[in-house]
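The values are calculated or read from the model by the stated rules, or taken from the named source; none is laboratory data. For clarity, every value in this text was computed on a predicted model and none was experimentally measured. Cβ sites come from the backbone with ideal geometry, for glycine too, and all protein chains shown count toward neighbours. Just so you know, the surface numbers come from the protein's heavy atoms only, side chains and all, with ligands and any DNA or RNA stripped out. Shrake-Rupley method; radii C 1.70, N 1.55, O 1.52, S 1.80 Å.
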Amino acid sequence: MGARDQHQEVGPVSQAEARRLTGELRDAIEEVRSAVLVLAARVRAAHRARVWTALGYSGWAAYAGAEFGVSRSTAYRLLDLAAAAEAIEDVVARQTGPELSHAWDTGLVLPVRAVVDLKGRLAELTDLIAERLVEAQAEVGSAPLEPGRVGEVVAGAVAELRERSDVPIAELAVAGGPDGYDTEAWRRHVTTGRTLAAEQQRSDRALGEIALRLAPAHLSDRSALTVFAVYADDVGEDPELFLACRRYVITGDWRAVEDDYRARQARNFLARHSGQR
């Protein structure tokens with residue numbers, strides 16, 4: 001029997017069979033959740049032990065690439081995942097007790113994209129989680145929080161923080177601008193700029209999702225560009241932009257667009273115009 005036959009729909013099943021399949025799916029999901037926590041713990045242990053030194057590698061990225069076949073960006077994303085997991089476990093343990101320290105992962109709240117978005121903001125995240133856990137505990141009084149509720153609280157805090165601008169409004173309100181700028185006017189300009197930057201990131205992600213449908217991830221950049229050349233011509237855009245946005249969706253790292261594509265475009269623009277002077 002071929003792979004296609006194995007995945008054909010077989011129609012409604014009995015209630016007992018449906019329960020069996022649901023149980024298998026639940027077990028598989030639990031295994032994935034456990035794997036995320038185990039992975040984070042082992043990444044922390046290996047990095048703290050500086051295992052690459054004993055094995056003769058120049059650094060963490062070289063070690064991870066040679067031993068596990070992952071890219072440099074993935075190697076460092078693993079460290080981001082481990083740091084985020086450790087920070088969340090610590091704050092949940094402090095607020096609810098060590099027995100619920102892993103309960104935050106009930107909803108698989110830390111996909112790679114969320115880790116990228118929260119990089120450098122773990123202190124802000126843990127403060128928010130602590131605040132939300134206190135509120136959740138107040139709702140149930142002296143009764144212990146259920147693991148599922150802990151997962152909901154952490155997931156909500158992650159989602160809330162990802163929607164915020166990088167600098168809190170309270171900080172912008174007291175931050176002074178360059179000499180000659182009114183502080184309030186500067187705050188308004190910064191707030192507007194951050195909103196536009198967030199909209200740009202959402203737009204880039206949407207373009208990347210379209211690009212990934214047009215040229216799936218298994219295609220090389222060169223093959224993808226062949227497809228994008230036709231599509232970009234029809235929509236009046238640079239095919240390189242679609243390639244960069246596609247890479248952004250695949251990696252979850254916006255630097256594929258901002259640092260690679262747009263920064264390169266800006267450098268080329270300046271080089272062309274400086275040569276005309």
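Quick look at the values:
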{"read-out": "Largest-first ordering by accessible area, 1.4 Å probe, given options T96, T192", "value": "T192, T96"}
{"read-out": "For peptides 78-88, 132-142, sequence by mean Cβ density within 10 Å, most packed first", "value": "78-88, 132-142"}
